[in-house]
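Working notes, structure below.
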Amino acid sequence: MENPDILDKPSDGKSDGRDWVAALTQSSQSPKAAARGLSPKPAPPHLELYEKRKSVHTKRIDGPFRRFKWFVMLVTLTIYYVTPWLRWDRGPFAPDQAVLIDLAHRRFYMFDIEIWPHEFYFVAGMLIMAGIGLFLVTSAVGRAWCGYACPQTVWTDLFQHVDRFFDGDRNARMRLDKAPWGPGKIARRGSKWTVYLLISMVTGGAWILYFADAPTLFVDFFTGQADFVAYATVAILTGTTFWLGGFMREQVCIYMCPWPRIQAAMLDEKSLIVTYKDWRGEERGSLKKAEREPNRYGDCIDCKECVSVCPTGIDIREGQQIGCITCALCIDACDRVMKDIGRPRGLIDYATLEQCEAESSGEPAQPAWKALLRPRTFIYVGVWGAIGVSMLFALGTRIHTDITVSPDRNPPYMLMKDGSVRNSYTLRLRNMEARPREMEIALVGLPEGAKMWTDTIGLDAAEPRQTVEVPANETKIVRAYIVIPKGTSAEEFSFQLTSLDEQTEQDAQETTFAMPGDF
Amino acid sequence: MSDQQKSDIDEATGTEFVGHEWDGIEELNTPLPRWWLWTFYATIAWSLVYVVLYPAWPLVSSATQGVLGWSSRGELAKDIQSAEASRQEVFDQIAAIELANLPDNPALMQQAVAGGAAAFKVNCVQCHGAGAAGYKEYGYPNLNDDDWIWGGDLNEIEYTLNHGIRWDGSDETRLAYMPAFEDIFDRDQVDALANHVLSLSAKAESSAAGAELYAQNCAACHQPNGAGDPIQGAPALNDAIWLYGGDIANIRQQIKAPRHGVMPGWQNRLDPVTIKMLAAYVHSRGGGEEIEAPADVVAETDTQEIASAAEAGGDGKS
């Protein structure tokens, strides 16, 4: 998008001795501007109903952003492939896999943290943090997720390096694309696609290792003993990785993914994005042309390096667009060219739209990090941090003993032979420690003589308090019968659960005792 | 944007406008990616395959069957079959174990109680209620309490389940009839007797006449102290639980013209494992009694064995 406001703004300052006013005036006569009606309309191009994908062949580039991308790729891929193999000793009653999503037993293990289904609010909190984190990152640094960390970006990048390894750099690959199929091309394509497939299989294979004990599943998988679901999952993920990473690539970003649309709506004029400074670059002209007419041409020499390194194959000089994932490789490319020809870097650079406008009217450039210092960023950081800290607090102070009580409603009470009244309850005793624990159930608030027995502790052993052993890492369901003597009555009371170990954790739940008069 | 309204081509993208405009926002005639078209063709191809393989075209009374012969009803039958197969092992274990020994195996007991609860919902709730609390109005007994007319240990419950009570379908059914005293006692005698019955649980004052009538006519079955006799099916009269109600009017009526409930036996309608599981479930409702060692066994075995047997029974007490 060429912003007319930027182009038409009168410039009264000169930042580096160049005649920007002249440059801006000239730029309004560029072919692009002509399309707005300043010159005769060109004939409409022949439009196809369906558009064939134009292959993107990225050129090798080196620079700070490319190195950052290498770094992020190394970290993310390492995390993804290695994590399931990390071991973490939790004793004999819990799995020793550091990160494990145990769907069968409904547990999520992450190092020292173990999440039970009733603690799903931790997961909900993490999702809320992810949401606010998206607001934060997008409002501050634009589509940084798309550019560096998105799996589609990381695997596409990886596959493009495979392309380069087998077929050479951009020009060689374009030549090979056009070349007729022969033994050489078949061999190259075959070996390349084999490597694609191997990467895809490793990728799909790593996924399932998060859901079961990795070494066991690994052996089972290759000896044909794994569950059908495991094979199906690996097959599907291998297929999608192969297809989306090997062939669809930027088509996913441009046509399939909703993220660019959502993120585009969250950006504002104060967000850092990758921008081409058209007020400095236009009108484009080669070095020779610029030598002949020094005042006419801007800094852009139209070498198209920014286009040839772009993983989505766009021209950043056309302005902000849905295809730009802000990976900043065009910044690396342009900076190198500018260095070679002795012009200042940053013709394409991370900048805010507001900053671009200010610079185009002659104000000095500001360091990019200053764009981060604004209330919106701080509010997001504050909210994000507050949720994180409160969740950590909840995690750190939670107890690993829990009781829930549900009284029998049919019948609500039972009259016994001797005139005493019995109520029945279903208790769920949770032992969230990875070892069996003795726990004491006590009755608080019932009249003298109240006794309790359970489905495993007989009536002859009925007492006001009972000790049960709750297995490691489990919820024990206990049916408790409570009887209060003839002539007494009760309403509200609590079951109190105390772990009989050095932790002596205590949890209680209030419930009611139903009497014949109540109904 | 007035320029663009006239123009056919969007300057930024070089794409044609379709000619629709909403508040200055115009629709571009952007071509679809070609792979999208191929995806569309692929879905059509898949639908053709699907129509051949699976039930698809609706006909008058059913639909085309599909080559694979798949149906959702068949899927259900398969699921039920596999669920039954997975339960078979537990069924076999329950079939093999003596009911009296079931409480010694808590895990199996738990399975039996769960299975019994399911069978109870199908076969028993019609009279005894979903919570097994019975209906006093009709004399359907409550199975949660600790009062058992015919005995409340696992074996007695199983016997009742098999043969029923006053059920003409079994020769071994629980049979007990209390005579009607309507034509034998006069009004005052019925009153005196009813008051004596209530006095057994300290709810009324007895009288010499009432006590004498009770001793002569009732104590043989209901016992002198009113404790009842499960062997004869004579209910206890000295506790807080009354099958048909414990007020004087109900007791008077029961003396004059007793009501007798009937329970069908299930031995021919349910398999032995289900009946065992039902017995375990009813026993587990909170009032089940322990199996007592019969007197003749006491005579024959030494005390240590009795102690261990009693202990075993005690462990499994629900």
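The values are calculated or read from the model by the stated rules, or taken from the named source; none is laboratory data. From a predicted model like this one, the values you see are computed outputs, not experimental measurements. Every residue, glycine among them, receives a Cβ derived from its backbone with ideal geometry; neighbour counts consider all protein chains shown.
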Of everything in segment A:446-481 that's among the hydroxyl-bearing types (Ser, Thr, Tyr) and more than 14 Å from chain B (Cβ to nearest Cβ), which residue is nearest to the chain's Cα centre (by Cα)? A:Thr475
When residues of segment A:315-333 are limited to those that are without any contact (Cβ under 8 Å) to a residue 60 or more places away in the chain and buried (at least 20 other Cβ atoms within 10 Å of the Cβ), the one nearest to the other protein chains (Cβ to nearest Cβ): A:Arg317
Looking at segment A:351-368, which of its residues are surrounded by fewer than 20 Cβ atoms within 10 Å (Cβ to Cβ) and touching a strand residue (DSSP E or B) at 6+ places or on another chain (Cβ under 6 Å)? A:Ala368
Has segment A:434-445 got at least one residue that is within 14 Å of chain B (Cβ to nearest Cβ) and over 47 Å from the mean Cα position of the chain (by Cα)? no
Counted residues, segment B:238-262 - those being touching a Gly at 6+ places or on another chain (Cβ under 6 Å), farther than 18 Å from B:His196 by Cβ and within 14 Å of chain A (Cβ to nearest Cβ): 1
If I filter segment A:377-433 down to residues being touching a helix residue (DSSP H, G or I) at 6+ places or on another chain (Cβ under 8 Å) and within 14 Å of chain B (Cβ to nearest Cβ), which single residue comes out as surrounded by the fewest Cβ atoms within 10 Å (Cβ to Cβ)? A:Pro412
Quick check on my filter: what residues within segment A:470-499 are among the hydrophobic types (A, V, I, L, M, F, W, C) and loosely packed, with under 13 Cβ neighbours inside 10 Å? A:Ile477
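Residue-by-condition table, conditions (1) of a type in the set (Val, Ile, Thr); (2) out of contact with any strand residue (DSSP E or B) (no Cβ under 9 Å at 6 or more places or on another chain):
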{"site": "B:Ala234", "(1), (2)": "no, yes"}
{"site": "B:Gly245", "(1), (2)": "no, yes"}
{"site": "B:Ile255", "(1), (2)": "yes, yes"}
{"site": "B:Gly261", "(1), (2)": "no, no"}
{"site": "B:Trp266", "(1), (2)": "no, yes"}
{"site": "B:Arg269", "(1), (2)": "no, yes"}
{"site": "B:Leu278", "(1), (2)": "no, yes"}
{"site": "B:Gly287", "(1), (2)": "no, no"}
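Residue by residue through segment A:334-364, note down the ones that are without any contact (Cβ under 8 Å) to a residue 24 or more places away in the chain and of a type outside the set (Lys, Arg).
Within segment A:334-364, A:Asp340, A:Gly342, A:Gln355, A:Ala358 meet the criteria.
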Tally time: how many residues in segment B:15-39 are of a type in the set (Gly, Ala, Ser) and more than 14 Å from every other protein chain (Cβ to nearest Cβ)? 1
More than 11 Å from chain A (Cβ to nearest Cβ) and surrounded by 18 or more Cβ atoms within 10 Å (Cβ to Cβ): does that describe B:Val282? yes
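Any idea which residue in segment A:434-469 is surrounded by the most Cβ atoms within 10 Å (Cβ to Cβ), counting only those that are free of Cβ contacts under 8 Å to residues at least 40 places away in the same chain and within 27 Å of A:Ile115 (Cα to Cα)?
A:Val468
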Residue ID - surrounded by the fewest Cβ atoms within 10 Å (Cβ to Cβ), chosen from residues in segment B:118-133 that are more than 14 Å from chain A (Cβ to nearest Cβ) and under 8 Å from the mean Cα position of the chain (by Cα): B:Val122
Which of the residues spanning segment B:133-188 are within 25 Å of B:Val273 (Cβ to Cβ) and of a type in the set (A, V, I, L, M, F, W, C)? B:Leu143, B:Trp148, B:Trp150, B:Leu154, B:Ile157, B:Leu161, B:Ile165, B:Trp167
Examine segment A:291-304 for a residue that is in a loop (DSSP other than H, G, I, E, B), crowded, with 20+ Cβ neighbours inside 10 Å and among the acidic types (Asp, Glu), and state whether such a residue exists. yes
Residues located in segment B:245-266, provided they are surrounded by fewer than 17 Cβ atoms within 10 Å (Cβ to Cβ) and assigned to a loop (DSSP other than H, G, I, E, B): B:Gly245, B:Asp247, B:Ala257, B:Pro258, B:Arg259, B:His260, B:Gly261, B:Val262
Return the pair list, or none, for Cβ contacts closer than 6 Å from residues in segment B:46-65 that are without any contact (Cβ under 8 Å) to a residue 40 or more places away in the chain to residues that are of a type in the set (A, V, I, L, M) and assigned to a helix (DSSP H, G or I), at least 6 apart or on different chains. none
Within segment A:82-129, which strands (runs of 3 or more DSSP E) (wholly inside it) include 1 or more residues that are of a type in the set (A, V, I, L, M) and in contact (Cβ under 8 Å) with a residue 40 or more places away in the chain? A:99-102, A:113-115
Only one of B:Glu84, B:Glu21 is surrounded by 10 or more Cβ atoms within 10 Å (Cβ to Cβ), touching a residue at least 12 places away in the same chain (Cβ under 8 Å) and acidic (Asp, Glu), namely B:Glu21
Would you call B:Pro103 touching a strand residue (DSSP E or B) at 6+ places or on another chain (Cβ under 7 Å) and either in the same structural domain as B:Ile275 (by TED's automatic domain parsing) or surrounded by 15 or more Cβ atoms within 10 Å (Cβ to Cβ) (or both)? no
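Looking at B:Ala42, B:Ala12, which one is over 19 Å from A:Met256 (Cβ atoms) and either at pLDDT 90 or above or at the interface with chain A (Cβ under 8 Å from one of its Cβ atoms) (or both)?
Unique residue meeting the criteria: B:Ala12.
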Residues located in segment B:273-295, provided they are touching a helix residue (DSSP H, G or I) at 6+ places or on another chain (Cβ under 9 Å), part of a helix (DSSP H, G or I) and either at pLDDT 95 or above or of a type in the set (Gly, Ala, Ser) (or both): B:Val273, B:Thr274, B:Ile275, B:Lys276, B:Met277, B:Leu278, B:Ala279, B:Ala280, B:Tyr281, B:Val282, B:Ser284
For A:Ile331, state whether it is part of a loop (DSSP other than H, G, I, E, B) and among the β-branched types (Val, Ile, Thr). no
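So which residues in segment B:162-202 are surrounded by 12 or more Cβ atoms within 10 Å (Cβ to Cβ) and within 14 Å of chain A (Cβ to nearest Cβ), if there are any at all?
Listed by number, the residues that qualify are B:Leu198, B:Leu200, B:Ser201.
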Quick test of your reading of the structure: B:Trp36 fulfils all but one of (1) under 30 Å from A:Leu49 (Cα atoms); (2) exposed (fewer than 14 other Cβ atoms within 10 Å of the Cβ). Name the failing condition by number. (2)
